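Participant: Pasting a structure here, questions to come.
All of the numbers you see were taken from the coordinates with simple rules; none came from a lab. None of the values given here were measured: they were computed from a predicted structure. Ideal geometry is used to build each Cβ from the backbone, glycine not excepted, and the neighbour counts take in all protein chains shown.
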Amino acid sequence: MKQEFSAGGIVFRKDDSGQARMTPGESVLILVCQHSQHHGWVFPKGFIGDHVVGESKEDTALRETQEETGIIGKILEPLPEITYMYEMDGEKHQKTVYYYIMESVGGDIKNHDWEMENVEWLPIEEVENRLTFTSDKTVWEKAKERIRELTTDMQVAERVGFPQGD
């Protein structure tokens, strides 16, 4: 069995559409992408160290997010790792993925690479239904409430005039 290690991001940004939302965290959009080969909707991720020898998990997550989606992220905190099995060309693979909650700090989804055929920002309440794979839905369950907490804390800090850090 082949073992693989990847890292990626669950990226959020504020919904700047001007729509009024009553529930804390509901004015948040989440980045999802559709893979060009299997056409599944996923979070961006990629192999650790496949481009840079000795690349850290965090650097891989940031690089892969930007390459696959065109979005520049800032890591806020790690999520628990996800491990799953899959089979390709008759060979079993065990894959461990290290995801990070990220805030979007720049970029444009139009600048995604060939690995993704579509990249979209979705309202937080639509993400689970769009995701294709159980592994992504599992990490989303862990990330969703934490993102709501983080964004609610950010909104409170903005209202009272506290800086958001660098």
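Participant: Any residue in the stretch 114-129 that is part of a loop (DSSP other than H, G, I, E, B) and either touching a strand residue (DSSP E or B) at 6+ places or on another chain (Cβ under 9 Å) or of a type in the set (Val, Ile, Thr) (or both)? Steps first, please.
Facilitator: Step one: filter the stretch 114-129 for residues part of a loop (DSSP other than H, G, I, E, B), giving 114-115.
Now drop any that are not either touching a strand residue (DSSP E or B) at 6+ places or on another chain (Cβ under 9 Å) or of a type in the set (Val, Ile, Thr) (or both), which leaves 115.
Within the stretch 114-129, one or more residues are part of a loop (DSSP other than H, G, I, E, B) and either touching a strand residue (DSSP E or B) at 6+ places or on another chain (Cβ under 9 Å) or of a type in the set (Val, Ile, Thr) (or both).
Quick grid of which residues meet (1) surrounded by fewer than 20 Cβ atoms within 10 Å (Cβ to Cβ); (2) under 20 Å from residue 68 (Cα atoms):
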position	(1), (2)
85	yes, no
92	yes, no
95	yes, yes
108	yes, yes
126	yes, no
134	yes, no
140	no, yes
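Participant: Restricting to the stretch 51-83, count the residues that are farther than 15 Å from residue 99 by Cα and loosely packed, with under 14 Cβ neighbours inside 10 Å.
Facilitator: 4
Participant: Among the residues of the stretch 53-103, write down those that are of a type in the set (Val, Ile, Thr) and in contact with a Phe, Trp or Tyr (Cβ under 6 Å, 6 or more places away or on another chain). Can you show your working first?
Facilitator: Step one: of the stretch 53-103, the residues of a type in the set (Val, Ile, Thr) are 53, 60, 65, 69, 71-72, 75, 82-83, 96-97, 101.
Result: 75, 96.
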